[in-house]
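Below: the structure, in structure tokens.
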Amino acid sequence: MTTNIILLGPPGAGKGTQARRLVEERDLVQLSTGDMLREARTSGTEMGKVVAEVMDKGQLVTDEIVIGLIREKLEDTKAAGFIFDGFPRTLRQADALEDLLSGMGQKIDAVIEMQVDDGALVDRVSGRYTCGNCGEVYHDTTRPSAKEGVCDVCGSTDLRRRADDNAESLKTRLLEYYKKTSPLIGYYYAKQKLRPVDALAEIGKVGHEIAGILGQPVEA
Ligand code: AP5
């Protein structure tokens, strides 16, 4: 049985944090379009330059580029299921995902809607840093690494802050979310896939609520 999950929520809601927990607990693969695009922007290609400019402003990258990246990953990856982190973000992306999965004889099983107050998000993104080597996500106050400047998971000292994690870009990212992504809440509600969670709770509690929705992990 495959399990495909979408993590839906505004910037800083904790999608990446919970996706990594799910990967550890279950035999699933995380597909983060944000991570794919950050990789693309370092490629030095024309597409990478366009992507960098759009991301730094906090706007959405075009549907064509993002759907193309997801299509490639789905074609190339064997998995018991996928966690879609930050995708889909528009109705067009949602329709494309449904078509891609249906072509593989699969479907979306649950859409976890991570509910937060906007007020909490400024603090979440301004305090965030990630490991450049393994992608572990930290926060200055709520989840600092045990040893300052060193990743708990892989020991790397390459801890980074994101170029788009500033108040100005966050304002645009939130506007983009409400304008283009929040209609997906109604879309998945109508499909009876939507499962809201209180993403303002402490990280472990949010994980526990998600586990309650998804049920016991299936043994590989
Ligand atoms: P993306 O990388 O997807 O960023 P985002 O959606 O803005 O989400 P974030 O990564 O900022 O937050 P998150 O919800 O993952 O939170 P996290 O777990 O890190 O996208 C970046 C850009 O790429 C977009 O702006 C756009 O330009 C482009 N893009 C990406 N996908 C696209 C698409 N599909 N279409 C078009 N363009 C696309 O947590 C945040 C912080 O809070 C961390 O420090 C964490 O430690 C902390 N934290 C997490 N949970 C909790 C908790 N429960 N309590 C306290 N602290 C917590």
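Using +1 on the beta carbon of Lys and Arg, -1 on that of Asp and Glu, and nothing else charged, what's the dipole of region 1-50 about the Cα centre, debye to 20?
On the way: 7 positive and 6 negative charges, 35 e Å.
Computed about the Cα centre, the dipole is about 160 debye.
If one computes the Cα centroid of region 20-77 and of region 127-182, what distance in Å separates the two points? After rounding, the separation between the Cα centres reads 16 Å. When the residues Ser156, Ser102 are ordered by accessible surface, computed with a 1.4 Å probe over the protein chains alone, the sequence from largest down reads Ser102, Ser156.
Counting only the Cα atoms, region 1-117 fills a convex hull of 110 Å³ per residue.
Rounded to the nearest 20, the size of the Cβ-charge dipole of region 61-117 about its Cα centre is 140 debye, with Lys and Arg at +1 and Asp and Glu at -1.
If you run the Gaussian network model on the chain, springs between alpha carbon atoms under 10 Å, then out of Lys78, Lys15, Lys107 the most flexible one is Lys78. Each residue of region 39-50 was assigned a 3J(HN,Hα) from its phi angle through the Karplus curve 6.51 cos²θ - 1.76 cosθ + 1.60 (θ = phi - 60°); the sequence is 5, 4, 6, 8, 6, x, 7, 4, 4, x, 5, 4 Hz, with glycine and proline shown as x.
Given Lys171/Lys193; Lys180/Lys205; Lys15/Lys107; Lys73/Lys205, which pairs have Cα atoms separated by over 24 Å?
Numbers: Lys171/Lys193 29 Å; Lys180/Lys205 29 Å; Lys15/Lys107 20 Å; Lys73/Lys205 31 Å.
Distance filter (> 24 Å) returns Lys171/Lys193; Lys180/Lys205; Lys73/Lys205.
Taking amide H as placed 1.01 Å from N in the peptide plane, Tyr129 has its amide H under 5 Å from the amide H of Tyr138, His139, Asp140, each at least 5 places away in sequence or on another chain. Working note: Karplus 6.51/-1.76/1.60 with θ = phi - 60° gives region 134-146 the couplings 10, x, 4, 9, 10, 9, 3, 10, 7, 8, x, 5, 4 Hz, where Gly and Pro are set to x.
Compute, for region 112-187, the length of the dipole vector about the Cα centre, with Cβ point charges of +1 (Lys, Arg) and -1 (Asp, Glu) only. Units Debye, rounded to 20. Could the numbers behind the result be given before it?
Details: 11 positive and 13 negative charges, 35 e Å.
Magnitude of the dipole: close to 160 debye.
What do you get when you divide the Cα radius of gyration of region 61-220 by 2.2 N^0.38 Å, with N the number of residues? The partial results should precede the final answer.
Working: Rg = 17.3 Å, N = 160, 2.2 N^0.38 = 15.1 Å.
So region 61-220 has a normalised radius of gyration of 1.14.
In order along region 87-93, the phi-based Karplus estimate (6.51 cos²θ - 1.76 cosθ + 1.60, θ = phi - 60°) of 3J(HN,Hα) comes to 9, x, 10, 9, 4, 5, 5 Hz; Gly and Pro are listed as x. Can you tell which of Gln192, Leu175, His139 lies farthest toward the positive end of the dipole of region 114-220, using +1 and -1 charges on the Cβ of basic and acidic side chains (Lys, Arg; Asp, Glu)? Towards the positive end, the residue furthest out is Gln192.
The values are calculated or read from the model by the stated rules, or taken from the named source; none is laboratory data. No experiment lies behind these values; they were computed from the predicted model shown. A quick note on method: Cβ atoms are made from the backbone with ideal geometry, for glycine too, and the neighbour counts reach across all protein chains shown. The area values use the complete protein model at the heavy-atom level, side chains included, leaving out ligands, DNA and RNA. Shrake-Rupley method; radii C 1.70, N 1.55, O 1.52, S 1.80 Å.
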